[in-house]
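Chemist: Have a look at this one before I ask anything.
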Amino acid sequence: MNNSNQLWMKKAIAQARLGKTPFGAVLVESETNYVVAHNTTSTDGPQAHAELNAIQQMKTLEFKDPRELKLYTTVEPCPMCMSALVWAGIGHLIYGATIDDAAQIGHQIHISSHHIADKAWYPIQITSEVKRYECLKLF
């Protein structure tokens, strides 16, 4: 497995722990140009998922084309977050635990990120189950 994916997923896991939820995210352009986020729904409302919090910071990154960006997240994005990824134009999603995992553990709109990516007007690369077991432990 790609060592870079392992490193970035560790950062996403650290964000989840920081937020005391199973949900952490890192939006990456390069080794020195990235943002981190965790779930803040308890303080910022139901839309403040880790992925959306990372995407909100996208404007602070330097990049030419958003399709160059990679979003690492501890759990496969819900439909809201995956749709935001599409609207932001992000080209690569890497996640740990699956939407199936999340649905077995708690409430979840059970639509895969692949299903939404297939409806996008540009290709989105999806890499799944990176450090999945470590991400499942966050639950």
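Chemist: Could you tell me whether T74 is over 21 Å from R132 (Cα atoms) and either surrounded by fewer than 16 Cβ atoms within 10 Å (Cβ to Cβ) or modelled with pLDDT of 95 or more (or both)?
Modeler: No, not satisfied.
Chemist: Of the residues E31, E62, E68, only one is more than 20 Å from V130 (Cβ to Cβ) and surrounded by fewer than 16 Cβ atoms within 10 Å (Cβ to Cβ); which?
Modeler: It is E62.
Chemist: Here is a further query. Filter the range 114-139 down to the residues that are of a type in the set (F, W, Y) and either under 13 Å from the mean Cα position of the chain (by Cα) or part of a loop (DSSP other than H, G, I, E, B) (or both), then identify the one that is nearest to R67 (Cα to Cα).
Modeler: Ranking the qualifying residues of the range 114-139, first place goes to Y122.
Chemist: Any chance you could count how many residues in the range 84-100 are buried (at least 16 other Cβ atoms within 10 Å of the Cβ), in a helix (DSSP H, G or I) and either out of contact with any Asp or Glu (no Cβ under 8 Å at 6 or more places or on another chain) or on the phi > 0 side of the Ramachandran plot (or both)?
Modeler: Residues that pass the stated criteria total 2.
Chemist: Can you find even one residue in the range 39-47 that is in contact (Cβ under 8 Å) with a residue 24 or more places away in the chain and of a type outside the set (F, W, Y)? Steps first, please.
Modeler: Within the range 39-47, the first condition is being in contact (Cβ under 8 Å) with a residue 24 or more places away in the chain, and the residues that meet it are 47.
If we keep only those that are of a type outside the set (F, W, Y) too, we end up with 47.
Yes, there is a match, as at least one residue in the range 39-47 is in contact (Cβ under 8 Å) with a residue 24 or more places away in the chain and of a type outside the set (F, W, Y).
The values are calculated or read from the model by the stated rules, or taken from the named source; none is laboratory data. Computed from a predicted model, the values in this text were never measured in an experiment. A quick note on method: Cβ atoms are made from the backbone with ideal geometry, for glycine too, and the neighbour counts reach across all protein chains shown.
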